[in-house]
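Undergrad: Quick one: structure below, then a few questions.
Coordinate-derived values only; no laboratory data. Everything quoted here is computed from the prediction, not taken from an experiment. Here the Cβ positions follow ideal geometry from the backbone for every residue, glycine too, while neighbour counts run over all protein chains shown.
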Amino acid sequence: MLTLPSGFAFDYANLYGDGKVTGADIAGIAGRIAAAHAAVGHMRATGEVRGHLSKDGVPEKVLFSQLPYVAAGNLNSPESIRRLKDFGASLRHRTDAVIHFGIGGSYLGNRVLFDAHCGEFWNSRSPEERGGYPELYFSGNNLDPLRTDDLIKHIRAAAAEKTPYRLLLVVVSKSGGTLDTMGSFMVVHEALRQVPGLELSVVAVTDPAGGDKATLLKKLANDSGWPTFAVPDGVGGRFSVFSEVGLVTAACIGFDLDAFLAGARSMDQACLEGDPRTNPALLNAVLKYLAAANHGRNIEIFMPYADRLKAVAEWYVQLLAESLGKRTDRQGREVFYGRTPVVAVGTTDMHAQTQQHQDGARDKVVQFVRVAAWDSDPVIPDAFPSARELTKISSLRMSQALDAALEANAQALAADGRYSAVFHLPHLDAFHLGELLYLLALSVAYEGELADVDAFDQPGVEAYKRIMSPKLAALKQAGR
């Protein structure tokens, strides 16, 4: 087990050793590991990634590793952090609800922060229980007409109960042309802007360039007088949770963004050495890469044992799929690389997916996430003494039963030669969440180098866009 001074730990006992990834496997790619570490170090220092081009085919820097460091001239500066905090303070006791519009990384990272901090019932709590922060809803992450209509009806009903009802729309799009986000935003904006008693305002999160380079959303914001935050250059959406893209949501709910960035920064510092035995991100990348390349484990089940971390698994699906699912390597050779990520939640999916994990094809690594200490940990009572089977579990804390389930799952898999590992979070808080997300982000940078693929482009996404655009134009023409 690799344990950091913060208490964060990576238990890889069921992923490394006899019958698993071996020391000989690692020794066999020692040169590649050293080169990968050097390449990521170069990326940290300069933003340069060998062969990386933007979707427009021009060289583009990769700057996500700068985000944990708050300093003048950086993407996150003392001024930008203060502005975010002031924005959050301006909402307290003054705004009833926020609707966040975004898709991909502009949604998934924000959902992680909301779920981890707020939980499922945030919007049902009183303003006092929320510390004066507003309710928060998500839209624009799917063009679903029924849910969009339901959201509009819900806000209209809330506005009918309270006058004035203050609603903020936060719309996130680098260009302002994102179909899912902008389509949903326009529907909601027009449906609510003239509702009696509803005071509507908008904040845009977009490319900060001005003048002739201003994007569509930036121009709309300038023309409409909307405040703006930045979608920074050099930070792909799947890495943007550490930027203003994600920190805007943090500000809306009172999430500790200082601790979150401190956790990411602490993890980055823990990953400076080139020895996988002491560098958790490099170790994670090496073991997962070799499990796939040498042992056929090309599916990763990401399985947190916490409902509030399900969104982390969903965020990780995009991170892994877009970063490493690549047709060609850097030499242009077809390699069809990439491990397939799957969302699971323990103990929910022990009753749904574990049959496949345990008895299906030997092509998986199950990555568990465990929370060591919980803010609340009820004891299971002896509520029905006459039911002996239920009495057996009474007097246990819920976390004890949860840990026993995780351990039993891991042991059963290991006994049959199935691979798994565990990330241990000392506590479910902003700091340790920052550690976990940054470890995963840095891991894909390392694995991209090990596999010799560009972990920072997404050319496959452009294929459907080229097909969809004329389809939309044809639909619009037919409707005239």
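Undergrad: Which pairs in the list 218/476; 219/476; 85/162; 174/213 are over 19 Å apart, alpha-carbon to alpha-carbon?
TA: 218/476; 219/476; 85/162
Undergrad: Restricting to bridges with both residues inside the range 76-231, how much of the DSSP beta-bridge set is antiparallel, in percent to the nearest 5?
TA: The antiparallel fraction comes to roughly 0 percent.
Undergrad: Calculate I(q)/I(0) for the range 281-403 by the Debye formula, one identical point scatterer on each C-alpha and no solvent, and give its log10 at q = 0.13, 0.15, 0.19 Å⁻¹ to two decimals.
TA: At q = 0.13, 0.15, 0.19 Å⁻¹ the computed log10 ratios are -0.67, -0.81, -1.10.
Undergrad: Residue 229's amide H: which non-local residues (gap 5+, or another chain) put their own amide H closer than 5 Å, with H modeled 1.01 Å from N in plane and none for Pro or chain starts?
TA: Those qualifying (amide H under 5 Å, at least 5 residues apart or on another chain) are 204, 205, 206.
Undergrad: Considering only C-alpha atoms, what is the centroid distance from the range 438-475 to the range 92-118, in Å?
TA: 24 Å
Undergrad: How large is the charge dipole for the chain, taken about the Cα centre, if only the Cβ atoms of Lys, Arg (+1) and Asp, Glu (-1) carry charge, to the nearest 20 debye?
TA: That gives the chain a dipole magnitude of about 980 debye.
Undergrad: Enumerate the calculated ³J(HN,Hα) couplings along the range 380-393 in order (Karplus 6.51 cos²θ - 1.76 cosθ + 1.60, θ = phi - 60°), each rounded to whole Hz, writing x wherever the residue is Gly or Pro.
TA: 6, x, 8, 6, 10, x, 6, 9, 4, 5, 7, 4, 4, 9
Undergrad: Considering the options 49, 408, 22, tell which one lies farthest towards the positive end of the dipole of the chain, charges being +1 on Lys and Arg and -1 on Asp and Glu at the Cβ, about the Cα centre.
TA: Farthest towards the positive pole: 49.
Undergrad: Ok, one more. Find the centroid of the Cα atoms in the range 341-418 and in the range 127-186, then give the distance between the two in whole Å.
TA: So the separation of the two Cα centres works out to 36 Å.
Undergrad: Give the long-range amide H neighbours of residue 366: residues separated by 5 or more places, or on another chain, with amide H under 5 Å away, using H modelled in the peptide plane at 1.01 Å from N.
TA: 301, 419, 420, 421
Undergrad: Assign unit charges at the C-beta atoms only (+1 for Lys and Arg, -1 for Asp and Glu), then state the dipole size of the range 76-231 relative to its Cα centre in Debye, rounded to the nearest 20.
TA: That gives a dipole near 340 debye.
Undergrad: What residue among 279, 293, 269 has its Cα farthest toward the positive end of the dipole of the range 237-316, where the charges are +1 on Lys, Arg and -1 on Asp, Glu, each on the Cβ?
TA: The one lying farthest along the dipole's positive direction is 293.
Undergrad: In sequence order, what are the phi-derived ³J(HN,Hα) couplings for the range 418-435 according to the Karplus relation 6.51 cos²θ - 1.76 cosθ + 1.60 with θ = phi - 60°, rounded to whole Hz, with x for glycine and proline?
TA: Residue by residue, the range 418-435 yields 9, 8, 7, 8, 9, 8, 9, 9, x, 7, 8, 9, 4, 5, 6, 5, x, 4 Hz.
Undergrad: Could I ask something else about it? Just to check I understand the Karplus step: with θ = phi - 60° and J = 6.51 cos²θ - 1.76 cosθ + 1.60, what whole-Hz values come out for the range 287-301, glycine and proline as x?
TA: In residue order, the calculated couplings are 5, 6, 4, 6, 4, 7, 5, 9, 10, x, 8, 9, 10, 10, 8 Hz.
Undergrad: Going by amide H atoms built from the backbone, whose H comes under 5 Å of the H on residue 306, apart from near neighbours?
TA: Correct list: 346.
Undergrad: Past the 28 angstrom mark, what percentage of all C-alpha to C-alpha distances in the chain do you count?
TA: Looking at the chain, the distances longer than 28 Å represent 55 percent of pairs.
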